[in-house]
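Taken together, the values in this text are just the output of simple stated rules run on the coordinates, not laboratory data. Because the structure is predicted, anything quoted here is derived from the model rather than measured. A quick note on method: Cβ atoms are made from the backbone with ideal geometry, for glycine too, and the neighbour counts reach across all protein chains shown.
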Amino acid sequence: MVHIKKPWIFTANCPSRLGTVDVVTRFMAEAGNYVDEIHSFDDHVSKRFVIRIEFQPQDDKFNAIQFDKEFSPRAEAFEMTWELTEPEHRPRVAILVSKYDHCLNDLLYRHRTGQLNIEVPVIISNHPDLKSLAEWHGIPYYHLPITAETKSEQEAQIIKLLEEYDTELVVLARYMQVLSPWMCEQLNGKAINIHHSLLPGFKGARPYHQAWEKGVKMVGATAHYVNNDLDEGPIITQGIQTVDHAFYPEDLISKGQDVERITLFNAIRYHIEKRVFLNGSRTVVFSS
């Protein structure tokens, strides 16, 4: 079996200008860093450039401090914001959930089997239903009930827990609550939500039953970053599956949940692998 070392990941963004690719790749070569994978994109509308590189240092004495010292002057000349991620870094991800368990089950399975290179230090819910699932995985589970009167207090408790467990990312794995503007601001760019994506749009209760009544021919899901616009944050991934007249509401729900699982998984994977760049209300995603 061939053992492949995990790479370092370099990501950067800056204003569009001549030489942006060269300043990074030339430095990598001069520093003796072997580039395994490289993606870049120049947005002609926003005039922003982004780049992602996976690399293997050829020098056994390589360290991030020296990299910073040597590359920073070059980056400054291009007004470049950049980040270096160590190979063994495992982001700490908090999961928020209500009663539906399909996304939570999937994420915990992928976490357990190593498909998602993350730590899950805490699960938070507004219902007690999934506590046993969290306990089976040895993960602390906090049941924080919510009403219209206690919403601000409950959200403050969530933020306190996120800080206590030192989380880098929050995943709303079918957390069936509308976050307040204050909560959205706290989680801006650091929380991923998943929701069904049906055409035409069916909001409110029993969306799949509404879809069945209209005879939809496809079901789908959208994973996006949380912002103050309900279900309209910057999109990371989307998925669809075709259906037909033989699918009853229960079949649509089952098929839709399948799509939600894989769409959410991919969004989290892209995020933790530093493949997603926020670009205003949109994203740049280097999916492979």
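A few comments on the model shown:
- Applying 1/(1 + (r/R0)^6) with r as the Cβ-Cβ distance of Asp59 and Arg282 and R0 = 41 angstrom yields a FRET efficiency of 0.60.
- For segment 1-68, the equivalent ellipsoid derived from the Cα gyration tensor has semi-axes of 25, 14, 9 Å, listed largest first.
- Put simply, segment 142-288 fits an ellipsoid with semi-axes of 28, 20, 13 Å; these come from the alpha carbon gyration tensor as the roots of five times its eigenvalues, largest first.
- In this rough spin-label picture, where each label sits 7 Å from Cα along the Cβ direction, the Asp68-Ala31 distance is 1.2 nm.
- Of Cys103, Val50, Ala12, farthest towards positive along the dipole that unit charges on Lys, Arg, Asp, Glu beta carbons give the chain: Cys103
- Working from the Cα coordinates of segment 1-143, the gyration tensor eigenvalues give, after taking √(5λ), semi-axes of 38, 20, 13 Å in decreasing order.
- DSSP-loop GluC sites (Glu not before Pro) across segment 136-184, with at most 13 other Cβ within 10 angstrom: Glu149
- Rg of the Cα atoms in segment 174-255, relative to 2.2 N^0.38 Å, amounts to 1.20.
- Modelled spin labels at Ala156 and Asn117, positioned 7 Å past Cα toward Cβ, are 3.9 nm from each other.
- Computed over the chain, relative contact order equals 14 percent, with contacts defined as Cα pairs under 8 Å that lie 6+ residues apart.
- Over 19 Å (Cα to Cα) - which of Lys131/Lys203; Lys99/Lys131; Lys47/Lys69; Lys6/Lys190; Lys99/Lys190 fall in this group: Lys131/Lys203; Lys47/Lys69; Lys6/Lys190; Lys99/Lys190
- Ellipticity at 222 nm from helices only: DSSP H runs of n ≥ 4 in the chain, each -39500 (n - 2.57), divided by the residue count, give -10500 deg cm²/dmol.
- Sites matching GluC sites (Glu not before Pro) across segment 69-118 that sit in DSSP coil, with at most 10 neighbouring C-beta atoms within 10 Å: Glu79, Glu88
- The percentage of C-alpha pairs in segment 123-187 whose separation is greater than 12 Å is 72%.
- Normalised Debye scattering of the chain at q = 0.07, 0.08, 0.14 Å⁻¹ gives log10 I(q)/I(0) of -0.31, -0.41, -1.10, counting only Cα atoms as equal scatterers and leaving out solvent.
- Between Asn105 and Gln238, the FRET efficiency from the beta-carbon distance, with R0 = 22 Å, is close to 0.55.
- Intensity falloff of segment 212-252 expressed as log10 I(q)/I(0), Debye formula with alpha-carbon point scatterers, at q = 0.14, 0.16, 0.18, 0.29 Å⁻¹: -0.44, -0.54, -0.62, -0.89
- Dipole-positive endmost among Asn279, Gln257, Gly215 within segment 174-288 (Cβ charges, Cα centre): Asn279
- The charge dipole of the chain, taken about its Cα centre with unit charges on the Cβ of Lys, Arg, Asp and Glu (plus for the first two, minus for the last two), comes to roughly 460 debye.
- P(r) of segment 72-126 over all Cα-Cα pairs, binned every 5 Å from zero, in whole percent: 4, 15, 20, 15, 11, 9, 9, 8, 7, 3, 0
- Charged side chains reduced to their Cβ positions (Lys and Arg at +1, Asp and Glu at -1) give segment 8-79 a dipole of some 240 debye around its Cα centre.
- Nearest-20 debye value, segment 1-144 charge dipole, Cβ charges on Lys, Arg, Asp, Glu: 280 debye
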